[in-house]
Amino acid sequence: MDLDLSPTSRRTVRAFARAAETRTLEERLLVEGARQLLQARKKIASLAPKGLFRDPAWDMMLELFISGEEGGILYVKQIMIASGESTAAAMRRIDRLHEADFIERIQDPLDHRRVIVRLTERGRQAMVTMLKHAFEPGAGRAGAPVPYTPR
């Protein structure tokens, strides 16, 4: 099959190919950590009343990070489903993430009815920073753990 891809389509294909390249051990551990966080969020959401423990933007960002690091492709519809929100609410959330330059939407070069969603470099760096903070021992904490004291 001979495809005449536009420059944007070629950049998209190259970006996905780069994402699929071998990652460092640290990057693979961050992806595994993101996967564990997402599974934990889904578990707590299943135990509590609907919507009590939901953060749709964070769930979307985790899904996009995992997919992007593994060289996968996610479409708008898949992200909407992953968010657990209504279609209108999920689209507003996607719009806000796009306006904040955390995600980008790209028309699928092979099927123009679909829209690919992926993290921008800014969004990826934000996720890497947050995941490192969450999983590195002592990250962001000075000295010994501080016990919780209620207000």
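Only the coordinates and a few stated rules stand behind these numbers; no lab work does. No experiment lies behind these values; they were computed from the predicted model shown.
Quick notes on this one:
- Amide H contacts of residue 74 (H built 1.01 Å from N, under 5 Å, at least 5 apart or other chain): 117
- Gyration tensor (alpha-carbon) shape descriptor, the range 7-133, a/c threshold 1.5: oblate
- Interatomic Cα distance distribution for the range 81-129, bins of 5 angstrom, percent: 5, 21, 21, 25, 20, 7, 1
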